[in-house]
1. Which numbered condition trips up LEU106, out of (1) buried (at least 19 other Cβ atoms within 10 Å of the Cβ); (2) under 25 Å from ASN162 (Cα atoms); (3) modelled with pLDDT of 95 or more?
2. Taking the stretch 125-141 as the search range and keeping residues that are part of a loop (DSSP other than H, G, I, E, B) and touching a residue at least 60 places away in the same chain (Cβ under 8 Å), which one is nearest to LEU98 (Cα to Cα)?
3. With the requirement that a residue be within 13 Å of LEU168 (Cα to Cα) and either in a strand (DSSP E or B) or among the aromatic types (Phe, Trp, Tyr) (or both), what does the stretch 85-97 give you?
4. Give PHE171, PHE154 a once-over and let me know the one that is modelled with pLDDT under 95 and touching a Lys or Arg at 6+ places or on another chain (Cβ under 9 Å).
5. What number of residues in the stretch 155-165 are in a strand (DSSP E or B) and surrounded by fewer than 17 Cβ atoms within 10 Å (Cβ to Cβ)?
6. Residue by residue through the stretch 77-112, note down the ones that are over 16 Å from PHE146 (Cα atoms) and either hydroxyl-bearing (Ser, Thr, Tyr) or over 17 Å from the mean Cα position of the chain (by Cα) (or both).
7. Only residues in the stretch 142-171 that are over 25 Å from ALA31 (Cβ atoms) count as the first member; pair them with residues that are among the aromatic types (Phe, Trp, Tyr) and at pLDDT 95 or above, Cβ under 7 angstrom, at least 6 apart or cross-chain, and list the lot.
Amino acid sequence: MTTITRAEGKDAVLLFSIAASSFIESHGSSAPVADIDHYVAEKYSGDILRGALKDANNNYHIIYYNGIPAGYSNIIFNQPYEGSPVQSIAKLDRIYLLKGFYNLKLGRELFEFNMALAKHNHQTAIWLYVWKENHRAVNFYSKAGFKIVGSHDFKISETHSNPNHQMLLQF
């Protein structure tokens, strides 16, 4: 059984645990270990996530499988990308599952939950960045109807960036 709940300030430590672990599982091989560790410490600390949870623009959610935290997402409404012809477009800022929960279709469930949120909030599209080497994710988004509309260098450290696709799904 799955449930999806909105993350609140009290969930910052749990969110940190899920975020750090899932990022390392997804991107850990993409850069030197020291760079990955520094990035995780800088971007996913409890204090950073507490601040992010307080930001009214963020909509963090945690997905649970049989009561166990399995992943999380963040969607930001009315967040057009540079050059976007419309303003009512959402950025799927983060969507991650812990590796132990792959193949349970939880990613699809969390994605569809965010799609429903976007539509409920009168968004006309969703855009995101995805690491080009994350073939599993690129295939998932392509099958969901996303199109590659650009690229972006995702900065891991001062000396390392990962090439990302910018993808768009219009409703």
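The values are calculated or read from the model by the stated rules, or taken from the named source; none is laboratory data. All values reported here derive from a predicted model rather than from experimental measurement. Quick reminder, even Gly has a Cβ in these numbers, built from the backbone with ideal geometry, and neighbours come from all protein chains shown.
1. In the conditions (1) buried (at least 19 other Cβ atoms within 10 Å of the Cβ); (2) under 25 Å from ASN162 (Cα atoms); (3) modelled with pLDDT of 95 or more, LEU106 misses (2) alone.
2. ASN134
3. ILE89, ALA90, LYS91, LEU92, ASP93
4. Within the list PHE171, PHE154, the selection yields PHE171.
5. Of the residues in the stretch 155-165, 3 are in a strand (DSSP E or B) and surrounded by fewer than 17 Cβ atoms within 10 Å (Cβ to Cβ).
6. GLU82, GLY83, PRO85, VAL86, GLN87, SER88, TYR96, GLY100, TYR102, ASN103, LEU104
7. Qualifying pairs under 7 Å: ALA144/PHE111; LEU168/TRP127; LEU168/PHE146; LEU169/PHE146.
For (1) closer than 18 Å to LYS43 by Cβ; (2) exposed (fewer than 15 other Cβ atoms within 10 Å of the Cβ); (3) of a type in the set (S, T, N, Q), each residue gets a yes or a no:
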{"position": "ARG94", "(1), (2), (3)": "yes, no, no"}
{"position": "LEU98", "(1), (2), (3)": "yes, no, no"}
{"position": "TYR102", "(1), (2), (3)": "no, yes, no"}
{"position": "PHE113", "(1), (2), (3)": "no, no, no"}
{"position": "LEU117", "(1), (2), (3)": "no, no, no"}
{"position": "HIS135", "(1), (2), (3)": "no, yes, no"}
{"position": "ILE148", "(1), (2), (3)": "no, yes, no"}
{"position": "SER151", "(1), (2), (3)": "no, yes, yes"}
